[in-house]
Amino acid sequence: MFEIIYQHQDFIIINKPCGLSVHKDDQEIGLTQMIANQLGIKQVWLVHRLDKVTSGLLILALNQPAAIILSGLFAKHKISKTYIALSSHKPKKKQGLVVGDMEKARRGAWKLSPSKQNPAITCFYSVSCEPNLRLFVLTPQTGKTHQLRVAMKSLGSPILGDELYGDKTENIDRTYLHAYGLDFVYQNQSINVKYLPNCGEFFQRHSVLDQLKLIK
């Protein structure tokens, strides 16, 4: 059963578990069909995506007109998204912008380029939780594939548990990236949803929980 964090007549916002793809992959039934089955309806529509390793807030439309509106809001960057991440490495700078074009690298990875023709833009700040553990609050201004994971690597602070962009020898229980907040206007109604992660041992540490309480 998926946690439904927010319910509207036209859409729902769920907490997507980490390790579950929004696409069908090799599963017998995909995420959208699982949710439709849970709700007892024929179909739901995916209007944006989260990486398989990412947990957190995911919007699903309950009818096609809503899917068109919500997809349009995402395309026009009218939906403000906030993510939280953990890293065991101190960044080159504690806050600011990461800007650069995204280029394909090896093994399905991406890398940040110094050019800025069609750049990925990420605003961030970070705070220390304890020695070798830092919390990042990330607000992407664009929606490129692996954007946040690449931005964190470029700062010298790959996301804790990210085997593609970080240390593959670490035995970490998950990739510590969570879609924490969504803020947008739908049909003249202001929607603001925030949801803290509920899986991952490092997200449950007191030092991290204390800093999470301070996020605006």
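The values are calculated or read from the model by the stated rules, or taken from the named source; none is laboratory data. Just so it is clear, the model here is predicted, and its values are computed rather than measured. Glycine gets a Cβ as well: all are built from the backbone with ideal geometry, and neighbour counts include every protein chain shown. Keep in mind that these areas ignore ligands, DNA and RNA; they rest on the heavy atoms of the full protein, side chains included. Shrake-Rupley method; radii C 1.70, N 1.55, O 1.52, S 1.80 Å.
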Tell me, please, whether a residue that is modelled with pLDDT of 95 or more and farther than 20 Å from Ser87 by Cα can be found in region 159-179. no
Here is a list of conditions, (1) within 28 Å of Ala66 (Cβ to Cβ); (2) open to solvent by 70 Å² or more (accessible area, probe 1.4 Å); (3) not in a strand (DSSP E or B), and Ser190 meets all of them except one; can you say which number that is? (3)
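Take Thr32 and decide whether it is closer than 21 Å to Leu182 by Cβ, of a type in the set (S, T, N, Q), assigned to a strand (DSSP E or B) and open to solvent by less than 60 Å² (accessible area, probe 1.4 Å).
It is false that Thr32 is closer than 21 Å to Leu182 by Cβ, of a type in the set (S, T, N, Q), assigned to a strand (DSSP E or B) and open to solvent by less than 60 Å² (accessible area, probe 1.4 Å).
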Verdict on Ala67 being in a helix (DSSP H, G or I) and over 22 Å from Gly181 (Cβ atoms): no
List, please: which pairs have Cβ atoms under 7 Å, are six or more places apart or on different chains, and start with a residue in region 56-72 that is within 26 Å of Leu138 (Cα to Cα) and end with one that is buried (at least 16 other Cβ atoms within 10 Å of the Cβ) and basic (Lys, Arg)? Gly56/Lys16; Leu58/Lys16
Among the charged types (D, E, K, R), in contact (Cβ under 8 Å) with a residue 60 or more places away in the chain and open to solvent by 20 Å² or more (accessible area, probe 1.4 Å): which single residue out of Lys42, Lys93 fits that description? Lys93
State whether one or more residues within region 133-140 are of a type outside the set (Val, Ile, Thr) and under 21 Å from Ala75 (Cα atoms). yes
Can you pull out the residues in region 124-139 that are under 17 Å from Ala151 (Cα atoms) and either open to solvent by less than 20 Å² (accessible area, probe 1.4 Å) or over 14 Å from the mean Cα position of the chain (by Cα) (or both)? Phe124, Tyr125, Ser126, Val127, Arg134, Leu135, Phe136, Val137, Leu138
